[in-house]
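Attaching a single structure in structure tokens format; questions to follow.
The values are calculated or read from the model by the stated rules, or taken from the named source; none is laboratory data. Just so you know, these numbers come straight off a predicted model, no measurement behind them. FYI the Cβ positions are ideal-geometry reconstructions off the backbone, even for glycines, and counts take in every protein chain you see.
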Amino acid sequence: MPTTLTAFADVTTSDSALRRFLHGLPGVDAVGLEARAAALGTRSIKTTAKAYAIDLAISMIDLTTLEGADTPGKVRALSAKAVNPDPTDRSTPMTAAVCVYPDMVATAKAALNGADVKVASVATAFPAGRAALPVKLADTRDAVAAGADEIDMVIDRGAFLAGRYLDTYELIKAVKEACVRPDGTAARLKVIFETGELSTYDNIRRASWIGMLAGADFIKTSTGKVGVNATPANTLLMLEAVRDFKAQTGIQIGVKPAGGIRTTKDALKFLVLVNETVGEDWLSNHWFRFGASSLLNDLLMQRQKLSTGRYSGPDYVTVD
Amino acid sequence: MSESSATRLSVFKTYKLYVGGKFPRSESGRVYEVTDSKGKWLANAPLSSRKDARDAVVAARKAFGGWSGATAYNRGQILYRIAEMLEGRREQFVREVGEAEGLSKSKAGAVVDAAIDRWIWYAGWTDKIGQLVGGANPVAGPFFNLSTPEPTGVVTVLAPQDSSFLGLISVLAPVIATGNTAVVITSEKSPLPALSLGEVLATSDLPGGVVNILSGKAAEMGPHLASHQDVNAIDLAGAGAALAKELEIAAADNLKRVLRPQPVDDWSADPGTSRMTAFLETKTVWHPTGSLGAGGSSY
Amino acid sequence: MASLFEYAPAPESRSVVDIAPSYGLFIDGEFTDAADGKVFKTVSPSSEEVLSEVAQAGAADVDRAVKAARKAFATWSALPGSERAKYLFRIARIIQERSRELAVLETLDNGKPIKETRDADLPLVAAHFFYYAGWADKLDHAGYGANPRPLGVAGQVIPWNFPLLMLAWKIAPALATGNTVVLKPAETTPLSALFFADICRQAGLPKGVVNILTGYGDAGAALVEHPDVNKVAFTGSTAVGKKIARHVAGTDKKVTLELGGKGANIVFDDAPIDQAVEGIVNGIFFNQGQVCCAGSRLLVQESIHDELLDSLKRRLSTLRLGDPLDKNTDIGAINSAEQLARITALAETGEAEGAERWSPACELPSSGYWFAPTLFTNVTQAHTVARDEIFGPVLSVLTFRTPDEAVAKANNSQYGLSAGIWTEKGSRILAVADKLRAGVIWANTFNKFDPTSPFGGYKESGFGREGGRHGLEGYLDV
């Protein structure tokens, strides 16, 4: 088994080579894909498995606020919540990260005060990605310089849909380089495809491969800003892509569904997808994340239900 | 009447339109007096306006994608559910139909029973009509060739004037069974059973907007619906000869499918399939089959 | 299976179903003992626990049931179609209402996973009654001329693999067209048919219209051979089907037979691979492969053989075998000790003939009848496992080089029930489908069923079609 990307070195030498490669990937039958995702969604996760999965899900959350109205106060509150999701139960795990706009990175970093919660920043003219390359790179460098541990970039969907696959690839490569800090370490790069705008599953598989070939550390479904965000089917498809990529290169890539995952039941379905598609290698927040905000409180209420036997209510979790 | 009920004043129902799954009054604020066959006041029904008709078309169009895209099985289940709900409110409709059409209780009962069974008839058609009017075509060439019926879209239905309930259901059910959505103008004289039907539809899992029910004058709203560019077809069952001709001419503007009024002696007779096929398009798909390979061998 | 995220047991509650210690035959609207008082036990294949004791019908009971059906036929067939329709709609609705109870019952008696009874069997059962209910008042429109007449009494014998679904496939069209029925469920799965008798009671179905005789093959034979039976419908093995064909020779009995199969699932190199893997798994491991239309022969284009097999093996390793009532179980129990012995023997033949056997690591429960999902590779057309119907979770993998060869191999079988085609190229789907000699062809899917869609086989897979408009013909005098 090849263990490096060299096997694919030639596919990114030209637009036409990349196109040939991407169009040679196996097709995706939409009905079959959705049926498989739905079938896994009927798994019944109970008792000990549920307790495990809820804590795992909490630890995988990129607790997110990406609003025009974000203020330092909002970001500080979010950061406090990430560190201490349930003040009534200190055994509750911390979330994986807080996810904010670049100008809020420093605020978040300070608020987290060294806790083991990463700061993820969106960048590259999120969410539309409609800006010149130098702007996108500056956006990225700003966030990294402000202390971001992770960068959530958006691809240029326009370029992708126009068939300019190599441009899409080069953008990701350039942003990847912009993630490198002066000390040589680098922020981990999550690449957002905005699957709702790519529209077809074949496109999502192709975009996944572009991202992986270009050096993404994570591939991520959505910005949360369009009509269709993370779905079980598009996440399953991306899990299949990282599975295949690892089989062929030995390189493991993370997956982050984002947007629209609001309930514990939803989150558990995604964890089942991970468990049965790529297995336990991905069952940690180093390799799988949820981009979410309201999901956390539902997980906390379910967690309280499991520990007390009573159904909880929204007044028993914090609203930050 | 027993003593106790004699002392109790009954509560009247405010009859309202049924549009987009909701029960609005007419935007015009107008009502008209509805009486029974002997002239006794029954209720004030909304006198719908052209703007109500316009809103109803918007609701019907919005509902079309979901309803036409639902499985035939699902549509059948919902039509059957309508029959179940009607059966439970049978007595109410026997009274309303009796008052509206001047029928004895037993005759009104037979009419309501036939109306319930009519929903059953069409509930069974949703997943069968395609096999009757569609099919594979044996074209002379290496092509798969399949014709399937599809609903035509938003259908305006001028309900029969005399048979206010069985007649209405007999013209409405075939329109929606196949996936069309409908804007119905009730019998002008006897709108109450139709308006009450809206309450049944609203509790039968029928998505809002699939059926929209307007009481009022066919002659007032008809021209606006017949010329409406976002209406695909019109059933003129409730129009007199002069109005029918006028509306058919207006309907030609966007080549609506037109079902002309036909004399119906007995609405309880076997309805056949023609009211469904009137509002179906036929789509034919061609696809090459080719040979197995350059070798071209066959089995 | 990942050990980090081990699913805790999630058993469906058994308390939703109340199984009586004993059941009689259902004749003329009453539960009654067998004339000779014989009974037999039905066990749960996953635990060998005795579930109940049911009456064992003999020839005298068959005669009584046929008489009851004959008597009921006069009034039933004279009812307006719209009234028969309403009975069938009632039955469909009651099945929907009681579907969880029936799913649990079926899982207990059959051994198949609750996931399947809940999500496949029961919804299809209700849908089948719903669909044929709609035909009862539309027979004039079915293409068989005006006012087509029923045949009379239908003798129906069904298998154990989909007990309630096969009952629905038999009873719904028979009743819709105005026939009355005597139905014999398989001896290993009698319970859901008896619960169906109770549904007939709740629906107010006139007595004698449906009669259920639990029993063995002798009762089935007596039913098929009964002189006052006008129609024979059988689903089961090809061997028994041939016997029936001989028995009815020279009579006026109309016959439909749904028999065995050895379905070819053909995977081309341009297939949507991940979905093809799911389709292969579904094709052979749905209902533990105890499916007449199972895709038991995988024909894979040689150029992608290794890649596909890797994916398939990885996928099989995630299948969860065990307690059928657990909502997370993918593979349940084999229906009977006898069937398990047959599968075991055929698998051993496969090994003896030199095919390469593989199963995922898979712990089998200590009691009950179990067989691990099994693949045979290096299989050729000459191997027994490529020719004989195994009726179990055993997949034989063969290769082909060209579409021609795929079709030739797929058709090289005494059977002709089902086939699958996996390719992203539409014209190839249609060209291959055109050449396949099988009654149901699935392209980029497998094991899909719908009451509107005719099902049945070519060649020794039987004759007649069940489902759809076509399914009416077997019950009409046309």
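Taking A:LYS265, is it surrounded by fewer than 15 Cβ atoms within 10 Å (Cβ to Cβ), within 14 Å of A:PRO232 (Cβ to Cβ) and out of contact with any strand residue (DSSP E or B) (no Cβ under 9 Å at 6 or more places or on another chain)?
Yes: the conditions hold for A:LYS265.
Here is a further query. Among the residues of the range A:207-222, what is the count of those that are closer than 14 Å to A:ASP156 by Cβ and buried (at least 24 other Cβ atoms within 10 Å of the Cβ)? It would help to see each step written out before you state the result.
From the range A:207-222, those closer than 14 Å to A:ASP156 by Cβ are A:207, A:210-211, A:214; that's our starting set.
Imposing the further condition that a residue be buried (at least 24 other Cβ atoms within 10 Å of the Cβ) reduces the set to A:207, A:210-211.
Within the range A:207-222, residues that are closer than 14 Å to A:ASP156 by Cβ and buried (at least 24 other Cβ atoms within 10 Å of the Cβ) number 3.
May I pose another question? Failed condition for C:PRO148, given (1) buried (at least 24 other Cβ atoms within 10 Å of the Cβ); (2) more than 14 Å from every other protein chain (Cβ to nearest Cβ); (3) not polar (S, T, N, Q), with all others met?
The number of the failed condition is (1).
Quick check on the range B:40-48. Is at least one of its residues part of a helix (DSSP H, G or I), more than 22 Å from B:LEU103 (Cβ to Cβ) and modelled with pLDDT of 95 or more?
Just the residues of the range B:40-48 that are part of a helix (DSSP H, G or I), to begin with: none.
Within the range B:40-48, none of the residues are part of a helix (DSSP H, G or I), more than 22 Å from B:LEU103 (Cβ to Cβ) and modelled with pLDDT of 95 or more.
Taking only pairs six or more apart or across chains, which ones have beta-carbon atoms under 6 Å, a first residue in the range A:91-108 that is within 18 Å of A:PHE288 (Cα to Cα), and a second residue that is aliphatic (A, V, I, L, M) and surrounded by fewer than 21 Cβ atoms within 10 Å (Cβ to Cβ)?
Once the first residue is within 18 Å of A:PHE288 (Cα to Cα) and sits in the range A:91-108, its partners that are aliphatic (A, V, I, L, M) and surrounded by fewer than 21 Cβ atoms within 10 Å (Cβ to Cβ) give A:MET94/A:VAL83.
Quick check, is C:LEU88 among the aliphatic types (A, V, I, L, M), in contact with a strand residue (DSSP E or B) (Cβ under 7 Å, 6 or more places away or on another chain) and crowded, with 24+ Cβ neighbours inside 10 Å?
On the way: among the aliphatic types (A, V, I, L, M): yes; in contact with a strand residue (DSSP E or B) (Cβ under 7 Å, 6 or more places away or on another chain): no; crowded, with 24+ Cβ neighbours inside 10 Å: yes.
Considered against the rule, which asks whether it is among the aliphatic types (A, V, I, L, M), in contact with a strand residue (DSSP E or B) (Cβ under 7 Å, 6 or more places away or on another chain) and crowded, with 24+ Cβ neighbours inside 10 Å, C:LEU88 comes out as no.
Working carefully through the options C:THR214, C:THR235, C:THR251, find the one that is over 30 Å from C:ALA386 (Cβ atoms), surrounded by 23 or more Cβ atoms within 10 Å (Cβ to Cβ) and not aliphatic (A, V, I, L, M). Break it down into steps so the answer makes sense when it comes.
Numbers: C:THR235 fails: over 30 Å from C:ALA386 (Cβ atoms); C:THR251 fails: surrounded by 23 or more Cβ atoms within 10 Å (Cβ to Cβ).
Step by step, each of C:THR214, C:THR235, C:THR251 is checked, and only C:THR214 is over 30 Å from C:ALA386 (Cβ atoms), surrounded by 23 or more Cβ atoms within 10 Å (Cβ to Cβ) and not aliphatic (A, V, I, L, M).
Okay, moving on. Scanning the range A:129-163 for residues that are among the β-branched types (Val, Ile, Thr) and out of contact with any Phe, Trp or Tyr (no Cβ under 9 Å at 6 or more places or on another chain), which turns out surrounded by the most Cβ atoms within 10 Å (Cβ to Cβ)? Steps first, answer last, please.
Of all residues in the range A:129-163, those among the β-branched types (Val, Ile, Thr) come to A:135, A:140, A:144, A:151, A:154-155.
When the remaining residues are screened for being out of contact with any Phe, Trp or Tyr (no Cβ under 9 Å at 6 or more places or on another chain), the result is A:135, A:140, A:144, A:151.
Numbers: A:VAL135: 12, A:THR140: 27, A:VAL144: 24, A:ILE151: 30.
The extreme case among them is A:ILE151.
Let me ask you something else. For the range A:168-183, state whether one or more residues are in a strand (DSSP E or B) and at pLDDT 95 or above.
To start, the set of residues in the range A:168-183 that are in a strand (DSSP E or B) comprises A:180.
From the residues that got through so far, the ones that are at pLDDT 95 or above too are A:180.
Yes, there is a match, as at least one residue in the range A:168-183 is in a strand (DSSP E or B) and at pLDDT 95 or above.
If we keep just the residues of the range A:32-46 that are in contact (Cβ under 8 Å) with a residue 12 or more places away in the chain and within 7 Å of chain C (Cβ to nearest Cβ), which is farthest from C:ILE280 (Cα to Cα)? Explain how you work it out, then say what you get.
We begin by selecting, within the range A:32-46, every residue in contact (Cβ under 8 Å) with a residue 12 or more places away in the chain; these are A:33-34, A:36-38, A:40-41, A:43, A:45.
Checking which are within 7 Å of chain C (Cβ to nearest Cβ) leaves us with A:33, A:36, A:43, A:45.
Values: A:LEU33: 14, A:ARG36: 13, A:ARG43: 20, A:ILE45: 26 Å.
My answer is A:ILE45.
All but one of (1) more than 30 Å from B:GLN77 (Cα to Cα); (2) modelled with pLDDT under 95; (3) not β-branched (Val, Ile, Thr) hold for B:ALA241, so report the exception by its number.
(2)
Of all residues in the range C:283-339, which are free of Cβ contacts under 8 Å to residues at least 24 places away in the same chain, within 14 Å of chain A (Cβ to nearest Cβ) and of a type outside the set (Lys, Arg)? Talk me through it step by step, then tell me what you get.
First, the residues of the range C:283-339 that are free of Cβ contacts under 8 Å to residues at least 24 places away in the same chain: C:306, C:310, C:314, C:338.
Now restrict to residues that are within 14 Å of chain A (Cβ to nearest Cβ): C:306, C:310, C:314.
The answer is C:ASP306, C:ASP310.
Name the one entry in C:LEU346, C:LEU375, C:LEU321, C:LEU316 that is of a type outside the set (Lys, Arg), surrounded by 17 or more Cβ atoms within 10 Å (Cβ to Cβ) and over 29 Å from C:ASN412 (Cβ atoms). Before you say what the answer is, go through the steps one by one.
Numbers: C:LEU346 fails: over 29 Å from C:ASN412 (Cβ atoms); C:LEU375 fails: over 29 Å from C:ASN412 (Cβ atoms); C:LEU316 fails: over 29 Å from C:ASN412 (Cβ atoms).
Only one candidate qualifies: C:LEU321.
Looking only at residues in the range C:91-126 that are among the basic types (Lys, Arg) and not in a helix (DSSP H, G or I), which one is nearest to C:LEU319 (Cα to Cα)? Please lay out each step first, then the result.
Initial filter on the range C:91-126 (among the basic types (Lys, Arg)): C:93, C:98, C:100, C:112, C:115, C:118.
After this cut, where a residue has to be not in a helix (DSSP H, G or I) as well, the list is C:98, C:112.
Values: C:ARG98: 29, C:LYS112: 14 Å.
It comes out as C:LYS112.
So B:ASN212 fits all but one of (1) in contact with a helix residue (DSSP H, G or I) (Cβ under 7 Å, 6 or more places away or on another chain); (2) of a type in the set (S, T, N, Q); (3) closer than 26 Å to B:ARG118 by Cα; (4) surrounded by fewer than 24 Cβ atoms within 10 Å (Cβ to Cβ); what number is the exception?
Going through (1) in contact with a helix residue (DSSP H, G or I) (Cβ under 7 Å, 6 or more places away or on another chain); (2) of a type in the set (S, T, N, Q); (3) closer than 26 Å to B:ARG118 by Cα; (4) surrounded by fewer than 24 Cβ atoms within 10 Å (Cβ to Cβ) one by one, B:ASN212 breaks only (4).
Let's see how each residue does on (1) under 16 Å from the mean Cα position of the chain (by Cα); (2) in contact (Cβ under 8 Å) with a residue 60 or more places away in the chain; (3) more than 25 Å from A:SER91 (Cα to Cα); (4) within 14 Å of chain C (Cβ to nearest Cβ):
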position: A:ALA216; (1), (2), (3), (4): yes, no, yes, no
position: A:THR231; (1), (2), (3), (4): yes, yes, yes, no
position: A:VAL242; (1), (2), (3), (4): yes, no, yes, yes
position: A:THR249; (1), (2), (3), (4): no, yes, yes, no
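Now a separate question. Which of the strands (runs of 3 or more DSSP E) contained wholly in the range C:10-56 include at least 2 residues that are among the hydrophobic types (A, V, I, L, M, F, W, C)? Please lay out each step first, then the result.
Details: elements: C:25-27, C:30-32, C:39-43, C:50-55.
By residue number, C:25-27, C:39-43, C:50-55.
Further, regarding this structure: Among the residues of the range B:170-186, write down those that are assigned to a helix (DSSP H, G or I), of a type in the set (A, V, I, L, M, F, W, C) and in contact with a helix residue (DSSP H, G or I) (Cβ under 8 Å, 6 or more places away or on another chain). Before you say what the answer is, go through the steps one by one.
Within the range B:170-186, the first condition is being assigned to a helix (DSSP H, G or I), and the residues that meet it are B:170-177.
Filter once more, so that each one left must be of a type in the set (A, V, I, L, M, F, W, C): B:171-173, B:175-177.
Listed by number, the residues that qualify are B:VAL171, B:ALA173, B:VAL175, B:ILE176, B:ALA177.
What are the residues in the range C:91-107 that are out of contact with any Pro (no Cβ under 8 Å at 6 or more places or on another chain) and surrounded by 22 or more Cβ atoms within 10 Å (Cβ to Cβ), if any?
Of the residues in the range C:91-107, the ones out of contact with any Pro (no Cβ under 8 Å at 6 or more places or on another chain) are C:91-98, C:100-105.
Hits for the range C:91-107 are C:ILE91, C:ALA92, C:ILE95, C:LEU102, C:ALA103, C:VAL104, C:LEU105.
Within the range C:67-86, is even one residue within 23 Å of the chain's Cα centre (by Cα), within 14 Å of chain B (Cβ to nearest Cβ) and in a helix (DSSP H, G or I)?
No, there is no match, as no residue in the range C:67-86 is within 23 Å of the chain's Cα centre (by Cα), within 14 Å of chain B (Cβ to nearest Cβ) and in a helix (DSSP H, G or I).
Looking at this structure, is A:ASP55 surrounded by fewer than 19 Cβ atoms within 10 Å (Cβ to Cβ), under 22 Å from the mean Cα position of the chain (by Cα), within 14 Å of another protein chain (Cβ to nearest Cβ) and charged (D, E, K, R)?
For A:ASP55, the condition - surrounded by fewer than 19 Cβ atoms within 10 Å (Cβ to Cβ), under 22 Å from the mean Cα position of the chain (by Cα), within 14 Å of another protein chain (Cβ to nearest Cβ) and charged (D, E, K, R) - is met.
Within the range B:80-169, considering only helices (runs of 4 or more DSSP H) that don't extend past its boundaries, which have at least 3 residues that are within 14 Å of another protein chain (Cβ to nearest Cβ)? Give the derivation first.
Working: elements: B:90-101, B:105-125, B:129-133.
Those helices (runs of 4 or more DSSP H) span B:105-125, B:129-133.
Look through C:SER47, C:SER13, C:SER52 and report the one residue that is surrounded by 14 or more Cβ atoms within 10 Å (Cβ to Cβ), more than 26 Å from C:VAL210 (Cβ to Cβ) and at pLDDT 95 or above. Explain how you work it out, then say what you get.
Working: C:SER13 fails: surrounded by 14 or more Cβ atoms within 10 Å (Cβ to Cβ); C:SER52 fails: more than 26 Å from C:VAL210 (Cβ to Cβ).
Result of the check over C:SER47, C:SER13, C:SER52: C:SER47.
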